[in-house]
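So the structure is just underneath, and the comments pick up after that.
Just so you know, all these numbers are worked out from the coordinates, no wet-lab data involved. As the structure is a prediction and not an experimental result, all values here were calculated from the model. Note: ideal-geometry Cβ built from the backbone for every residue, glycine included; neighbour counts use all protein chains shown.
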Amino acid sequence: MTNKKNTLWIGLLAIIVIIALGLVYVANRQSDAPKKDATSSSQKQSDEQTSKQPTEQKQTDYQVFTDLAKAEKFDAASVTDLKVEELKAGTGDTIAETDTISANYSGWNAAGTIFDTTKKSADATPTPIEFPLSGVIPGWTKGLAGKKVGGIYKLMIPADMAYGDRAPSKETSGPLAFVVEIVAKK
């Protein structure tokens, strides 16, 4: 009889412990919900503030990039060293050679022929691409390191810092010119 009584008490105690643990779990989940909502809400506000760049400013930035990224002929023989010209000052983070960035760009050769661009048609808004700065031609890596997010830069790249002997096409052999807008540092 004592054995049955002890078993009954142990079972009852186990049930009470399980119920108590369940109640503690439910209470903790309910108290965490407002924290998650608050975190989610503050994250949404932060995201909205970050992305609330006025439409006029986005259009102005787009127009500046479009105006500055016009291809022009240049004397290939005069491009013997990397030249970087700041067309618009950046105000964001400074870029390092090891960073991954998001950028708009247009690239052309000495004949003034655009061979690659993030602006796919005359009326299209450029679509930035993301890439590690260490994974592109040396002229980009060296030319953009130390520059700031938001800036627009013109790079005049000699052949040995462009594609050199490994040029994928005749259009990309020789010295190249790029206008690059650094959109973000990832």
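Counting residues in region 159-175 that are buried (at least 21 other Cβ atoms within 10 Å of the Cβ) and either charged (D, E, K, R) or out of contact with any Pro (no Cβ under 8 Å at 6 or more places or on another chain) (or both) gives zero.
One line per residue, one yes/no per condition, for (1) over 17 Å from the mean Cα position of the chain (by Cα); (2) within 24 Å of residue 160 (Cα to Cα):
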residue	(1), (2)
85	yes, yes
97	no, yes
116	yes, yes
121	yes, no
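Counting the residues of region 133-156 that are surrounded by fewer than 20 Cβ atoms within 10 Å (Cβ to Cβ), of a type in the set (A, V, I, L, M) and within 11 Å of residue 181 (Cβ to Cβ) gives 1. Applying the criterion of being farther than 21 Å from residue 74 by Cα and acidic (Asp, Glu) to the residues of region 84-126, the residue that is surrounded by the most Cβ atoms within 10 Å (Cβ to Cβ) is 99. Of the strands (runs of 3 or more DSSP E) that lie entirely inside region 79-186, those containing 1 or more residues that are of a type in the set (Lys, Arg) span 83-88, 152-157, 176-185.
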